C-alpha cells in the first residue's frame with residue numbers, strides 16, 4: 001500500500017523536493033536558536049557590549065525572517081502537493097467507476113460511491129503533505145535536539161529523553177486503533193450518504209404516501225450510527241491526547257527540576273540551563289505534533305485503504321488485449337446459443353439463437369421478466385454473456401473495443417435520465433460536438449419544437465434535477481432527439497414511446513420508422529399496436545424464443561402472440 005501511495009508523488013517531484021527541503025531547513029534553524037541564546041547569555045552578556053548583543057539579535061531576526069518565508073512555502077506548496085495528489089486519486093477512482101458494467105451498479109448504493117469519491121479522500125491531502133515531512137522532521141528534531149543536549153550535559157539529556165519510548169509506543173498503539181475506528185466511520189458515512197440520497201431522490205414518493213415519519217425514523221438510525229462511530233473515534237483520541245500531554249509536561253518538569261539541581265551544583269551555567277529549556281521545547285514540539293498525526297493520519301490511511309480496495313476491483317467487462325476498433329457496422333447481428341445469468345446465479349436466458357439481418361426492424365414482445373431487455377442489453381455489452389456469443393458483421397462483440405461498439409449503437413431506454421443543465425445540453429449529449437443546425441434538426445425530427453416554444457428560455461431552459469421540470473413525454477422526446485443526433489447504424493428502442501400520449505406517439509412512431517430505414521433496429525415493446533410495422537416480431541417467455549414472424553403471420557398462428565394481442569386489446 002505504501003508503494004502505491006508513494007507512486008502518486010511522482011508527477012510532483014519538484015513540489016515535493018521544494019516542500020521537503022524547506023521543512024528540513026526550517027527545522028534546522030529551530031535547532032540553532034537555543035545555541036545562539038546560550039552564547040548570548042554566557043559569552044556576550046558578561047562583556048556588556050551592546051553592539052554584540054544588537055548584532056546577535058539582528059542575526060536572530062534574520063533567522064526568523066528566513067523561517068517565516070520557509071513556513072509560507074511549506075504550508076502553501078505543501079498543501080498544493082497534497083491537493084494535487086488527492087485530485088489525481090479522485091480522478092483515477094472516477095475513471096475506474098466509469099469502466100464498471102451495469103452488474104457492478106446493480107449491487108452498489110449511490111451514496112456509498114459518492115462517499116468514496118469525496119469524504120474518503122478528504123484527509124489524503126493532509127497525509128500526503130504532512131506525512132513524509134512530519135516523520136522526517138520529528139525524527140530529525142528529536143535526534144538533533146537530543147544530540148545538542150547530550151553535548152551540553154549528558155545526565156540532563158538522558159533525563160529529558162527517558163519518556164520518549166513511552167510516547168512512541170502510544171503513537172503506534174493509538175494509530176492502529178484509530179485507523180480501525182476510521183474505517184468504521186467511513187463505512188457508516190457511506191451508509192448515511194446512501195440513505196440521504198435515497199430519501200431526497202424519492203421525496204415525492206415519501207410525500208405521496210405520507211411516510212415522512214418513517215423516513216425520519218430511518219434517517220435517525222443512520223444518523224445515530226454515524227454519531228456513535230465518531231464518538232468512539234474522539235474517545236480514543238481523547239485518551240491519546242491526554243496521555244501525550246502528561247508525558248510532554250513531565251519532560252518539561254524533568255528539565256526544570258534536574259536542570260535547577262545541576263545549576264545549583266555548578267555543573268550547568270545559566271546560559272546552558274536556558275538553552276536546555278529552549279531545547280526541551282524544541283524537543284517536545286514534534287511530540288506535540290504526534291497528537292495531530294494520530295487524529296489526521298488514521299483518517300487518511302483508512303481513506304486510502306478504502307480507495308485501494310475499490311480501485312482493485314477489476315471491471316467484469318473490459319476490452320480484450322487485441323480488441324479492434326470498429327467503424328460503420330452494417331448491423332448483421334447473430335445471437336449464437338446465448339445464455340445469461342446474474343451474479344447470484346439467477347438465470348435469465350438459456351441457449352438463445354437469433355439472426356438479425358442488416359436493416360431489419362425486430363421487435364421483442366413477451367411478459368415482464370422474460371429477458372427482452374436483457375437480450376438487448378447484451379448487445380452493447382452492458383452485461384456479458386454467460387455462455388455462447390454475439391457477433392455483429394461476423395465479429396464477436398467481445399473482440400471489439402467497448403467504445404467503438406457502443407458508438408455504433410443508439411439507445412432510447414424506458415427510464416429516461418436527463419442531466420442537470422439546459423435542454424440544449426441534454427439534446428447535444430447524443431453528439432457532444434454537434435452544431436446548432438444539427439441540434440435543431442434533431443429537435444424537429446423528435447417533434448420537440450412545440451415543447452421548446454412553450455418554454456421561457458427555449459433550448460436554454462434549465463430542466464432541473466433528472467429533468468423534473470419536464471413531463472414524461474417531453475423527457476422521452478429529448479431522449480429520442482439524442483438518438484437522432486447520434487444517428488447510429490444499430491438502434492435499440494426500449495419502450496421508446498411508452499410515456500407519450502396517443503397522438504404524439506403516432507407522430508414519433510413515424511419519425512422512428514423513417515429513422516430505422518436502412519438501419520438495424522431492435523424494439524422492446526409492451527404496446528403491441530406500435531410494432532405492426534416491424535419486419536419481424538420475436539415472442540419471448542420463460543422458455544426462450546417461442547415464436548417469430550410478422551404481425552400477420554403470428555396472428556394467423558393463433559398461439560402466444562395472438563393471445564397477448566387479444567388480451568391487451570380486451571383491456
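The values are calculated or read from the model by the stated rules, or taken from the named source; none is laboratory data. Model, not experiment: these values are computed from the prediction. Virtual Cβ from ideal backbone geometry, glycine too; neighbours counted across all protein chains shown.
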* Structure fact -> The helices (runs of 4 or more DSSP H) lying entirely within the range 483-571 that contain at least 3 residues which are at pLDDT below 85 are 502-516, 560-570
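Residue by residue, here is whether (1) touching a residue at least 60 places away in the same chain (Cβ under 8 Å); (2) out of contact with any strand residue (DSSP E or B) (no Cβ under 8 Å at 6 or more places or on another chain); (3) over 26 Å from residue 66 (Cα atoms) holds:
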{"residue": "1", "(1), (2), (3)": "yes, yes, yes"}
{"residue": "6", "(1), (2), (3)": "no, yes, yes"}
{"residue": "23", "(1), (2), (3)": "yes, yes, no"}
{"residue": "27", "(1), (2), (3)": "yes, yes, no"}
{"residue": "39", "(1), (2), (3)": "yes, yes, no"}
{"residue": "46", "(1), (2), (3)": "no, yes, yes"}
* Structure fact -> Filtering the range 149-183 down to residues that are within 18 Å of residue 248 (Cα to Cα) and without any contact (Cβ under 8 Å) to a residue 60 or more places away in the chain yields 157, 158, 165, 168, 169, 172, 173
* To do: Mind telling me which of the residues 279, 268 ends up being modelled with pLDDT of 75 or more, buried (at least 20 other Cβ atoms within 10 Å of the Cβ) and not in a helix (DSSP H, G or I)?
  => 268
* To do: Could you check the range 73-159 for helices (runs of 4 or more DSSP H) lying wholly inside it with 1 or more residues that are over 26 Å from the mean Cα position of the chain (by Cα)?
  => 124-152
* Could you grab me the full set of residues in the range 328-355 that are part of a loop (DSSP other than H, G, I, E, B) and either surrounded by 12 or more Cβ atoms within 10 Å (Cβ to Cβ) or under 32 Å from the mean Cα position of the chain (by Cα) (or both)? => 329, 330, 331, 332, 342, 343, 344, 345, 346
* Please tell me if residue 362 is surrounded by 15 or more Cβ atoms within 10 Å (Cβ to Cβ), without any contact (Cβ under 8 Å) to a residue 60 or more places away in the chain and either touching a strand residue (DSSP E or B) at 6+ places or on another chain (Cβ under 7 Å) or under 19 Å from residue 104 (Cα atoms) (or both). => no
* Lone unmet requirement of (1) at pLDDT 85 or above; (2) over 28 Å from the mean Cα position of the chain (by Cα); (3) more than 30 Å from residue 320 (Cβ to Cβ) for residue 448 -> (1)
* Regarding residue 83, is this residue free of Cβ contacts under 8 Å to residues at least 60 places away in the same chain, more than 30 Å from residue 191 (Cα to Cα) and surrounded by 13 or more Cβ atoms within 10 Å (Cβ to Cβ)? -> no
